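Novice: Have a look at the structure that comes next, please.
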């Protein structure tokens, strides 16, 4: 089973990507996401099974904020 699940939607102009993953997958090769701290990450898009065709985003700060509830 994949660690990350995602869905992309294109509205004829832009893409919106929603992804989900456990904070701690339990796998040694995955970073643990700490919801109380800033987490620096990037998104990679792989376009073939050999990973020759790919692109990587610039660094992204993943931050969780409380909505007061």
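Novice: Within the range 21-69, which strands (runs of 3 or more DSSP E) (wholly inside it) include 1 or more residues that are free of Cβ contacts under 8 Å to residues at least 12 places away in the same chain and surrounded by 10 or more Cβ atoms within 10 Å (Cβ to Cβ)?
Specialist: The strands (runs of 3 or more DSSP E) meeting that bar are 44-46, 54-56.
Novice: Would the range 9-16 turn up any residue that is surrounded by 10 or more Cβ atoms within 10 Å (Cβ to Cβ), without any contact (Cβ under 8 Å) to a residue 40 or more places away in the chain and either in contact with a strand residue (DSSP E or B) (Cβ under 6 Å, 6 or more places away or on another chain) or in a loop (DSSP other than H, G, I, E, B) (or both)?
Specialist: No, there is no match, as no residue in the range 9-16 is surrounded by 10 or more Cβ atoms within 10 Å (Cβ to Cβ), without any contact (Cβ under 8 Å) to a residue 40 or more places away in the chain and either in contact with a strand residue (DSSP E or B) (Cβ under 6 Å, 6 or more places away or on another chain) or in a loop (DSSP other than H, G, I, E, B) (or both).
Throughout, read-outs are computed from the coordinates displayed, never taken from laboratory work. Only a predicted model underlies this, so the values are computations on that prediction, with no experimental measurement involved. So basically every Cβ, Gly included, is an ideal-geometry build from the backbone, and we count neighbours across all protein chains shown.
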